[in-house]
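J.: Okay, here's the structure, questions in a sec.
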Amino acid sequence: MDKVYDHKKVEEKIYSEWEKKGYFAPEINSKGRFYSIILPPPNANAPLHFGHAMYVIEDVLIRYHRMKGAAALWLPGADHAGFETQFVFEKHLANERKSRFDFDRGTLYQMIWDFVQKNRGGMESQLRKLGFSLDWSRMKFTLDPDIVAIVYKTFKKLYDDGLVYRAKRLVNYCTYDGTSFSDLEVVYEERKDPLYYIKYGPLVLATTRPETKFGDTAVAVHPDDKRYKKYVGKEIDIQTVAGYARIKVIADESVDPAFGTGVVKITPAHDFNDFEVGQRHNLLMKQVIGFDGKMNKHAGKFEGLYVKQARKTIVEEMQKKGLMEKIDENYIHRIGLCYKCKNVIEPLPMEQWFVKMEPLAKPAIDAIRKGKIKIHPKSFEKIYFHFLENIRDWNISRQIVWGIRIPAWFCEKCLNWTVTDGITPENCSKCGSKKLVQDTDTFDTWFSSAQWPFATLLAQSSSKSKIKNQKSKIETSSDFEKFYPTTVMETGYDILRWWVARMVMVGIYATDKVPFKNVVLHGLVKDPLGKKMSKSKGNVINPLELVDQYGADAVRFALVYGTALGNDQALSYAKLQGMRNFTNKLWNIGRFIEMQQLTTDNLQLTELNSIAKHESDKEWVKKVESLVLEISRYIDSYQFNLAAERLYEFIWHEFADKYIEDIKNRINENSFTVLSSLFTVQLELLHPFMPFITEELYRKLGVKDSIMISSWPK
RNA sequence: GGGCUCAUAGCUCAGCUGGUUAGAGCGUUACAUUGACAUUGUAAAGGUCAGAGGUUCGACUCCUCUUGAGCCCACCA
């Protein structure tokens, strides 16, 4: 054995051997326990970031339960990441001075498909380098035909149950990216903007958006506001930059009498609150801003101006005409931005597909309350409940091509929509006309992601059953029956609402079962200075570079060591180095044992108990016995940091520093058997965390061909 | 406005349902070591566990408040 452990010599070789031997595939006909985790599918198009390296927690669980005898499935997948990917692709196009509008839908889709296929393997090989024991034979992609078929079925079911509806509502629209977004995809930023006090006939109102005044269909005051009581219900004459107009004054509870002058203009087509006021008072919706971000024909001479320009021009004109009472230049408010391109989100009225969330949210809330699903750490339950108890309907259509196209056809004759489970209909379901046009929109990526646990397993079942028909009858059980609900859903807490909550809702709806029994949430990995890693800050660290430098085992161990579940951590080079040193320590314990040149059987703890002769040896057997219990308990309770810390402490500072030093002077065959067997046990305990070096030492010491076929010590 | 998390040795952090002298890594100091390992060992210094109050026989650990840091949600025209 070399004096120093070199991970580069072993990791890749070992992983490919494991994969070849099929160690990662669970025994589907097992009579024992089934254990399953679905990997949160990384973006197929992007390299892994440090958050993905945290999936080491899943590998720890899978390897642990596999060793304990469960048929343990860890199913990998890749996400098409609809908008994210199209966004990247469009940047790519822009570099070539092209845009998506230069291509027809089919061509564009094919181009993105090729683009993604080119990049796709990267992510998969990175997962391998991290040592993740994923069952690659069950790999799934969100755009696989069998997955798409399931997504369609769910959509159809939702539609048939009246939970999907199409409506003209205000949506969060990014005029730069040309698509609408869900509420979660809007980020807010505090800004200082002018607050304009505009004269409206006898009234004065305050607004930050004078350019939308062409879309005003009412003026509102609070019902109890004495100042304006006499106007309520009446129409007032106002002078505007475009001439004279009449507008209705209404009373609505939502108006805050203390804000500005207590008078608000109501623009139902361009403000979420105004839209609701408009619904209550039956107001007209008048759209004055187009999807291109420019003022439309209702803005008169301002038509064609971008919102910003229009605002400036209108303000100037109002000032000239004496319609501007005053301007408060220091008004601070928060405005919604596109999470991706950071342009201002424009609330625009648009026909979209929505999912009614309340009926879905209720069972999802119950599932946690009744303990059918447990969230670890528990403190995240509050966030979960808060989201579901205040949930709003989900806009699931996106105006992009990269994704699953919505299976809905519009009838040009009767204007009705025909929804199918994916099959192109020949006739309109209402009037029978053949003049059908498919919706050009695609699903929000998260709509398919929300179905991931059952979709992946159901898709596996169908392909498996095909094999079944051809071959034998042994394969009576499908993946879905065996592995659903999955045991654990492990992911970053930052997507608890985006993903986890939606999986629970859609999962229960589609399958009548919770999609998983436990939610395990890890924290964010930040840069060494404690700042969030982001491309724009330029502080992104590639996990694979560190794997290369310190070894996968060291990186894995560093990520779980010293950070309690759900807490963020700053990457630390000192820690990585420390963990790399730990691998070397292990290596040298192995080397010490090898150098004794004594052959020995590797005995189980129970056997050691009876053969150990020396008092001290007996004690160490007991110590390791209780270590086994301790580590098991820590893993069972998702306290991975404690398991790692304890193993580190014990192996290095107790076993190596004390026991080995003690035994050096009195080595004999009996003691040696105890020592080396105990080391084997420790390797087994460590294996879920550090799969490579434990395997290499196992082989070097001649315990077995592979640690993958050994079981958790008892 | 609401919520969550965190404040423990110089630095980075552990410390489960309250119970012996509060722990680790890195760093620091002294010594040792060509002997499994310098990616080493032994030893040492270093903390009134943010502050105040409360519950308790007993609190770093539970409760309340205060201060400070970070994050999330909502959103006011």
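The values are calculated or read from the model by the stated rules, or taken from the named source; none is laboratory data. Quantities reported herein were computed from a predicted structural model and do not represent experimental measurements. For neighbour counting, all protein chains shown are included, and Cβ atoms are generated from backbone atoms with ideal geometry for every residue, glycine included. These area figures cover heavy atoms from the full protein model, side chains too; ligands, DNA and RNA do not enter into them. Shrake-Rupley method; radii C 1.70, N 1.55, O 1.52, S 1.80 Å.
J.: Put +1 on the Cβ of each Lys and Arg and -1 on the Cβ of each Asp and Glu in segment A:488-571; which of A:A552, A:S534, A:A564 then has its Cα farthest toward the positive end of the dipole?
T.: A:S534
J.: Any idea which of A:P268, A:A258, A:Q319 is furthest toward the positive side of the dipole for segment A:252-383, if Lys and Arg beta-carbons carry +1 and Asp and Glu beta-carbons -1?
T.: Checking the options against the dipole of segment A:252-383, the answer is A:P268.
J.: Once you mark the GluC sites (Glu not before Pro) that are in a DSSP loop and have at most 15 other Cβ atoms within 10 Å, what is the longest gap between them in chain A?
T.: A:476-714
J.: Rounded to the nearest Å, what's the spacing between the alpha carbon centres of segment A:572-622 and segment A:255-309? Just the number, please.
T.: 73
J.: With a point put 7 Å past each Cα toward its Cβ, work out how far A:W113 is from A:K532 in nm, to one decimal.
T.: The two pseudo-label positions are separated by 3.5 nm.
J.: Residue farthest toward the positive end of the dipole of segment A:314-404, with Cβ of Lys/Arg at +1 and Asp/Glu at -1: which of A:H376, A:P359, A:C338?
T.: Of A:H376, A:P359, A:C338, it is A:H376.
J.: If you put +1 on each Lys and Arg Cβ and -1 on each Asp and Glu Cβ, how big is the dipole of segment A:1-110 around its Cα centre, in Debye rounded to 20?
T.: About 340 debye.
J.: Separate question: Return the percentage of antiparallel bridges among DSSP beta bridges fully within segment A:161-291, rounded to the nearest 5 %.
T.: 85
J.: Out of the trypsin sites (Lys or Arg not before Pro) in segment A:328-384, which ones are loop residues according to DSSP with at most 13 other C-beta atoms within 10 Å?
T.: A:K342, A:K370
J.: Just flag the trypsin sites (Lys or Arg not before Pro) in segment A:74-143 sitting in loop per DSSP whose Cβ has no more than 14 other Cβ atoms within 10 Å.
T.: Filter output for segment A:74-143: A:R97, A:K98.
J.: Which trypsin sites (Lys or Arg not before Pro) from segment A:234-281 combine a DSSP loop assignment with at most 11 other Cβ atoms within 10 Å?
T.: Filter output for segment A:234-281: A:K234.
J.: Post the alpha-carbon centroid distance, segment A:5-57 to segment A:638-686, in whole angstrom.
T.: Here the two parts' Cα centres lie 27 Å apart.
J.: Could you report segment A:11-56's accessible area per residue, 1.4 Å probe, as an integer in Å²?
T.: Value for segment A:11-56: 41 Å² per residue.
J.: Determine which lysines satisfy two conditions relative to A:K658: a Cα distance under 19 Å, and not lying fewer than 8 residues away in the same chain.
T.: Candidates past the 8-residue exclusion: A:K585, A:K613, A:K618, A:K622, A:K623.
J.: How much net charge surrounds A:F689 when only other residues with a Cβ under 13 Å from its Cβ are counted (Lys, Arg +1; Asp, Glu -1)?
T.: Its environment carries a net charge of -3.
J.: Continuing with the same structure: When we measure straight from the Cα of A:K8, which aspartates and glutamates land under 17 angstrom away, once same-chain ones fewer than 8 places off are left out?
T.: A:E17, A:E545, A:D548, A:D553, A:E695, A:E696
J.: Nearest-5 percent of antiparallel DSSP beta bridges in chain A?
T.: 70
J.: While we're here: What are the aspartates and glutamates whose alpha-carbon lies under 14 Å from the alpha-carbon of A:K714, with same-chain residues fewer than 8 places away excluded?
T.: The reachable aspartates and glutamates, counting only those whose Cα sits under 14 Å from A:K714, are A:E607, A:E625, A:E630, A:E684.
J.: Say the cut-off is 28 Å between C-alpha atoms; which of A:K382/A:K531; A:K248/A:K320; A:K168/A:K229; A:K20/A:K153; A:K213/A:K326; A:K340/A:K526 go over it?
T.: The pairs that break the limit, which is 28 Å between Cα atoms, are A:K168/A:K229; A:K20/A:K153.
J.: Counting Lys and Arg as +1 and Asp and Glu as -1, what is the net charge of the other residues whose Cβ lies under 11 Å from the Cβ of A:K362?
T.: Value of the local net charge: -2.
J.: I would also like to ask the following. How much accessible surface does A:T175 have with a 1.4 Å probe, in Å² rounded to 10?
T.: 50
J.: With every protein chain present, what is the per residue accessible area of segment A:619-714 (1.4 Å probe, Å²)?
T.: Accessible area per residue, segment A:619-714: 36 Å².
J.: If you roll a 1.4 Å probe over the heavy atoms of the protein chains, what accessible area per residue do you get for segment A:255-392, in Å²?
T.: 54
J.: Let me ask you something else. Evaluate E = 1/(1 + (r/R0)^6) for A:S125 and A:E96, where r is the Cβ-Cβ distance and R0 equals 35 Å; express this FRET efficiency to the nearest 0.05.
T.: According to the calculation, E is roughly 0.80.
J.: Just how far, in whole angstrom, is segment A:98-145 from segment A:404-464 if you go by their alpha carbon centroids?
T.: Segment A:404-464 and segment A:98-145 have Cα centres separated by 22 Å.
J.: Please report the carbon-and-sulfur percent of the accessible area for chain A; probe 1.4 Å, protein heavy atoms only, DNA, RNA and ligands left out.
T.: 49
J.: Local charge sum around A:L163 (other residues, Cβ-Cβ under 10 Å, Lys/Arg +1, Asp/Glu -1)?
T.: Spelling it out: positives minus negatives among the neighbours equals -2.
J.: Now a separate question. What number, rounded to the nearest 500 deg cm²/dmol, is the helix-based mean residue ellipticity at 222 nm of chain A, given -39500 (n - 2.57) per DSSP H run of at least four residues and division by all its residues?
T.: Per the formula, -12500 deg cm²/dmol.
J.: Within chain A, which complete DSSP H helices have Cα atoms spanning at least 15 Å along the helix axis and a mean Kyte-Doolittle hydropathy of 0.0 or higher?
T.: The answer, listed by residue number, is A:56-67, A:145-160, A:669-686.
J.: Across chain A, what fraction of all alpha-carbon pairs, as a whole percent, falls in each successive 20 Å bin from zero upward?
T.: 15, 40, 29, 13, 3, 0
J.: Taking the simple approach of a point 7 Å from Cα along Cα-to-Cβ for both A:K20 and A:H298, what is their distance in nm?
T.: Between A:K20 and A:H298, the simple spin-label model gives 6.9 nm.
J.: With +1 assigned to the C-beta of every Lys and Arg and -1 to the C-beta of every Asp and Glu, and no other charges, what is the dipole magnitude of chain A about the Cα centre in debye, to the nearest 20?
T.: Dipole of chain A, to the nearest 20 debye: 1360 debye.
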